[in-house]
Amino acid sequence: MSQTDVRLDDTPGVRGDREATPGSAGRRRERLMVPKADFDSYYGRPVLNEPTWRAADIAGYLFLGGLAGASSTLAAAAELTGRPRLARAAKVGALGALGGSLYALIHDLGRPERFVNMLRVFKVTSPMSVGTWILTAYGPHAGAAAATGVTGLFPGLGRAATVGAGVVGPAVATYTAALICDTAVPVWHEAYREMPFLFAGSAAASAGGLGLLAAPLSEAGPARRAALAGAAVEVAAAARMERRLGPLAEPLKRSGLLRLGEALSLAGALAGATVGRRSRVAAMAAGAALLAGSACTRFGIFQAGMESANDPKHTVQPQRRRLARARAERDLT
């Protein structure tokens with residue numbers, strides 16, 4: 001059929017552009033009468049409900065858990081290399097950090113029995129379930145190591161508990177990365193590759209800082225090395241994470257806490273490795289900077305996650321990019 005048609009009044013007429021028959025000789029591109037929709041959210045409201053987690057509880061839990069786990073590993077290294085004062089300081093610091101971490105977690109849960117209820121099952125696909133069992137295995141070892149280290153009683157038992165806590169320590173320091181990356185919060189969810197390395201580096205730097213604060217210069221060698229390696233891994237992981245996330249990394253790049261945390265960690269690690277070798281005051285200042293830097297990093301990660309959850313574009317745009325990649329891969333095949 002041509003574009004010429006008969007109207008109701010028996011007079012010929014020409015169809016408009018939108019009525020042209022596809023495939024006809026006079027085919028034209030259909031003109032869009034309505035612009036293509038560019039969805040953000042309903043009246044700019046967040047696509048996700050903001051998590052009810054409080055910064056003081058959850059960010060504090062992330063920081064203290066990392067400090068506890070890495071300190072236990074440092075304590076085991078000090079114990080096995082004949083550095084008793086560094087080992088004792090790290091054991092006591094690990095137990096104190098574990099207590100603060102559990103308090104923050106239970107305070108956020110609202111009732112202590114909720115933590116106990118999670119021990120009813122072991123679900124390998126749930127980071128919270130796995131983390132609960134990790135803490136349950138770690139706590140008695142850390143407690144026994146600290147108690148025997150302070151009292152000097154049962155040295156054989158204390159040594160075994162120290163090594164046990166040191167073995168479980170890396171899992172305590174890093175499982176929280178899997179915990180937050182398993183949520184729908186855009187920045188955390190998309191950063192699942194780098195977050196464990198960032199948490200591991202930050203935890204090692206904080207444990208090194210605690211060792212520099214509490215141990216004499218003659219025994220602080222492992223603490224200096226842990227701080228230097230941890231700060232390097234933390235900064236490298238953060239840089240890679242921001243580069244890979246692209247536009248989604250905006251909340252991370254805008255976070256003053258993250259920038260401050262990186263600066264304090266690097267400054268503390270370098271100071272501890274140089275002037276901290278000769279000056280007890282400089283070593284203590286470096287240790288304080290490392291602890292503060294690790295805390296700023298954890299609070300900065302938490303803050304960036306909350307910001308990304310509140311901005312609709314950080315939820316919608318990654319989904320669009322994934323759909324575009326899937327379509328491109330499908331077209332190639």
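The values are calculated or read from the model by the stated rules, or taken from the named source; none is laboratory data. Since this is a predicted model, take the numbers as computed values, not measurements. Cβ sites come from the backbone with ideal geometry, for glycine too, and all protein chains shown count toward neighbours. The accessibility values were calculated without ligands, DNA or RNA, using every heavy atom of the protein model including side chains. Shrake-Rupley method; radii C 1.70, N 1.55, O 1.52, S 1.80 Å.
Would you confirm, using the coordinates I've provided, whether Leu260 is open to solvent by less than 50 Å² (accessible area, probe 1.4 Å), at pLDDT 95 or above, assigned to a helix (DSSP H, G or I) and not small (Gly, Ala, Ser)? Spelling it out, it is not the case that Leu260 is open to solvent by less than 50 Å² (accessible area, probe 1.4 Å), at pLDDT 95 or above, assigned to a helix (DSSP H, G or I) and not small (Gly, Ala, Ser). Under 7 Å by Cβ, and 6 or more places apart or on different chains, what pairs join a residue from segment 106-129 that is among the charged types (D, E, K, R) with one that is open to solvent by 80 Å² or more (accessible area, probe 1.4 Å)? Close Cβ pairs satisfying both conditions: Asp108/Arg54.
Scanning segment 58-75 for residues that are open to solvent by 10 Å² or more (accessible area, probe 1.4 Å) and either within 15 Å of Tyr138 (Cα to Cα) or among the acidic types (Asp, Glu) (or both) turns up Leu64, Leu67, Ala70, Thr73, Leu74. Do we have any residue at all in segment 127-140 that's of a type outside the set (D, E, K, R) and either assigned to a loop (DSSP other than H, G, I, E, B) or over 23 Å from Leu62 (Cβ atoms) (or both)? Looking through segment 127-140, none of the residues is of a type outside the set (D, E, K, R) and either assigned to a loop (DSSP other than H, G, I, E, B) or over 23 Å from Leu62 (Cβ atoms) (or both). Number of residues in segment 182-206 that are farther than 14 Å from Thr297 by Cα, in contact (Cβ under 8 Å) with a residue 24 or more places away in the chain and part of a helix (DSSP H, G or I): the value is 3. Checked against the criterion of being assigned to a helix (DSSP H, G or I), at pLDDT 85 or above and more than 22 Å from Cys296 (Cα to Cα), segment 91-100 contains one or more residues that satisfy it.
So which residues in segment 277-307 are of a type in the set (D, E, K, R) and open to solvent by less than 20 Å² (accessible area, probe 1.4 Å), if there are any at all? Break it down stepwise before answering.
First, pick out the residues of segment 277-307 that are of a type in the set (D, E, K, R): 277-278, 280, 298, 307.
Selection gives Arg298 alone.
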